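Note sheet for the following structure.
The values are calculated or read from the model by the stated rules, or taken from the named source; none is laboratory data. Worth saying up front: this structure is predicted, and the values here are computed from it rather than measured. Using ideal geometry, Cβ is built from the backbone for each residue, glycine included, and neighbour counts are taken over all protein chains shown. Surface accessibility is based on the protein's heavy atoms, side chains included, excluding ligands, DNA and RNA. Shrake-Rupley method; radii C 1.70, N 1.55, O 1.52, S 1.80 Å.
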Amino acid sequence: LSAVLPREPLLRNGHLLALSSLVNAVLGAVFWVLATRWYDDRTVGLNYATVSAATLLSTIGQLNLADFLVRFVPAAGRHTRSLILTCYAVSIACSVLVSVGFLLLVPVVTPGLGFLLSPLTGLFFVAYTAAYAIFALQDGALTGVRHPGWVAAENVVFAAVKILLLAAAAALTLFTGILVSWAGALIVALLVANVLLMRHAVPRHESRAPRAARPPRMVGYATADYAGSLFRMAAYSLVPLLVLNTLGPEQSAYYSLAWIVGYVPYLLATNMGSSLIVEAADDPRRLAEHFSRVLRHSALLMAAGTVLIVLVAPRLLAFFGPEYARHGTTLLRLLALSALPNLLVSLAVDVARMRRRLRMVVGLQLALCVLVLVLARVLLPALGLAGGGLAWLLALTVLALHLVIRRSRWLPRRPAPAPRTENVPHQEK
């Protein structure tokens, strides 16, 4: 693996993070394929809905602090441990509040999950939601201390233990086997990752800059960054609802699986952006240089990946069934094309995070949300599922063109190289 990955830390770390996301997605799909074979449809449906709800609530409750840690941990020095633990505490508190609020609304919003209202099951659900939020935060912390390889290893451990526990639970015919396997794997991943993080990575990271000052104005930054992330999350979550309401449940299923495949190139942009932030936080003067390097490198990979997805889209979707290939191929191809402008938009948001241009961080993601939802609302009735893919492609292309035209407003200039000093021989008078 080390022979294949780039040697340059900026690109190497981004590749490791992307590999972690890809492995997690593949093994996660294997988990659910096995679950559908070992459990009946009703059990799988209830467990999947429960896990999905907990994952969504943990995403809301962790306040986007995983990205916050990626931004501030690299330069936190002796404040690294306290910064991570503070984020953990805030995230746990918010996740508990959000999950308890959800349980109170279950009878009205999702009565099918009424089994969560028993005291023991409800307590388990709240604890799982808080733990999953920490699971996301520890990835941000490990990335910030420059150990992306541990992120990949931790995700492999989580996925592998989850599958093993699922097999054991199925053999014991446990109705809650799916939830138990997730919870058990989560406990193992949290213990392994945080022992490595707190006992090894953090002390080593703090020793590199023992006199570093605590980063200023972090609360305002975290608030604005979280607001921006909510707009992007809304775009991801509301388009499937528009598809459901406009085209019906079958078309919604075709859209969802095409989106899962088409979203993979988006993850590459996110992971390369995290590596960009970590390296630029260590030397802010090289932000423009790192941005150009990441953009060129990722654009080549993204273009190759886009061509591949466009060519094999029917075969990829046929894995889920012939109906998915028939209805979702054009959608998947449009989503793959939209990943190209998304690369620039995503990296621009990361540059704005690095420069604390918080209005831009919020504004870009708000504009994306509005454009995608408006275009999807207009195009879905006229074009069907293809309208959803076209909405993403057009919205991201408009934003990317805007960023290219106004690049001098948001992209810092490279510092001028230091003037050369020539050694002129001293001449005696």
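Which one of Leu368, Leu396 is buried (at least 23 other Cβ atoms within 10 Å of the Cβ), within 27 Å of Leu69 (Cα to Cα), free of Cβ contacts under 8 Å to residues at least 60 places away in the same chain and of a type outside the set (Asp, Glu)? Among Leu368, Leu396, only Leu396 is buried (at least 23 other Cβ atoms within 10 Å of the Cβ), within 27 Å of Leu69 (Cα to Cα), free of Cβ contacts under 8 Å to residues at least 60 places away in the same chain and of a type outside the set (Asp, Glu). Any residue at all in segment 249-260 that's charged (D, E, K, R) and closer than 30 Å to Leu331 by Cα? Yes; the residues of segment 249-260 include at least one that is charged (D, E, K, R) and closer than 30 Å to Leu331 by Cα.
Kindly establish whether Arg315 is in a helix (DSSP H, G or I) and either at pLDDT below 95 or not assigned by the TED database to the domain that holds Trp392 (or both). Taking the combined requirement at face value, the residue satisfies it. Out of Asn47, Asn13, Asn24, one residue alone is at pLDDT 85 or above and in a helix (DSSP H, G or I). It is Asn13.
Applying a threshold of 6 Å to beta carbon distances and a minimum spacing of six or more residues, or different chains, the list of pairs starting in segment 215-228 at a residue that is touching a residue at least 24 places away in the same chain (Cβ under 8 Å) and ending at one that is open to solvent by 30 Å² or more (accessible area, probe 1.4 Å) and in a helix (DSSP H, G or I) reads Ala224/Leu358; Ala224/Val362; Ala227/Val362; Gly228/Val362. In segment 136-146, the qualifying residues are those that are assigned to a helix (DSSP H, G or I) and under 21 Å from Glu279 (Cβ atoms), and the one that is most open to solvent (accessible area, probe 1.4 Å) is Asp139.
Yes/no per residue for (1) of a type outside the set (Gly, Ala, Ser); (2) touching a helix residue (DSSP H, G or I) at 6+ places or on another chain (Cβ under 8 Å); (3) not in a helix (DSSP H, G or I):
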site	(1), (2), (3)
Gly220	no, yes, no
Arg232	yes, yes, no
Leu241	yes, no, no
Leu244	yes, yes, no
Ser274	no, yes, no
Ile277	yes, yes, no
Leu287	yes, yes, no
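Does segment 352-361 include one or more residues that are open to solvent by less than 10 Å² (accessible area, probe 1.4 Å), touching a Phe, Trp or Tyr at 6+ places or on another chain (Cβ under 8 Å) and closer than 22 Å to Ala222 by Cα? Scanning segment 352-361, I find at least one residue that is open to solvent by less than 10 Å² (accessible area, probe 1.4 Å), touching a Phe, Trp or Tyr at 6+ places or on another chain (Cβ under 8 Å) and closer than 22 Å to Ala222 by Cα, so the answer is yes. Just to be sure before I move on: is Leu301 open to solvent by 40 Å² or more (accessible area, probe 1.4 Å), closer than 30 Å to Leu69 by Cβ and assigned to a helix (DSSP H, G or I) in the structure I sent? Answer is yes for this residue. Taking the stated definitions as given, is Leu196 modelled with pLDDT of 90 or more and either of a type outside the set (S, T, N, Q) or not in a helix (DSSP H, G or I) (or both)? Criteria met by Leu196. Just one of Arg214, Arg293, Arg204 is charged (D, E, K, R) and farther than 26 Å from Ala152 by Cβ; which is it? Of the residues listed, the single one that is charged (D, E, K, R) and farther than 26 Å from Ala152 by Cβ is Arg214.
Yes or no, residue by residue, for (1) more than 21 Å from Thr86 (Cβ to Cβ); (2) open to solvent by less than 50 Å² (accessible area, probe 1.4 Å); (3) in contact with a Lys or Arg (Cβ under 6 Å, 6 or more places away or on another chain):
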residue	(1), (2), (3)
Ala189	yes, yes, no
Leu196	no, no, no
Val202	no, yes, yes
Arg214	no, no, no
Tyr226	no, yes, no
Ala234	yes, yes, no
Asn245	yes, no, no
Tyr254	yes, yes, no
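From the list Ser91, Ser95, Ser58, the lone residue that is in the same structural domain as Ala167 (by the TED database), surrounded by 22 or more Cβ atoms within 10 Å (Cβ to Cβ), free of Cβ contacts under 8 Å to residues at least 40 places away in the same chain and in a helix (DSSP H, G or I) is Ser95.
Matching residues to (1) under 25 Å from Asp40 (Cβ atoms); (2) touching a helix residue (DSSP H, G or I) at 6+ places or on another chain (Cβ under 7 Å); (3) outside the structural domain of Ala281 (by the TED database):
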site	(1), (2), (3)
Gly114	yes, yes, yes
Pro119	no, no, yes
Phe125	yes, yes, yes
Thr129	no, yes, yes
His147	no, yes, yes
Val151	no, yes, yes
Leu164	yes, no, yes
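Would you confirm whether or not segment 123-135 contains a residue that is open to solvent by 30 Å² or more (accessible area, probe 1.4 Å) and either touching a Cys at 6+ places or on another chain (Cβ under 7 Å) or not hydrophobic (A, V, I, L, M, F, W, C) (or both)? For segment 123-135, residues open to solvent by 30 Å² or more (accessible area, probe 1.4 Å) and either touching a Cys at 6+ places or on another chain (Cβ under 7 Å) or not hydrophobic (A, V, I, L, M, F, W, C) (or both): present.
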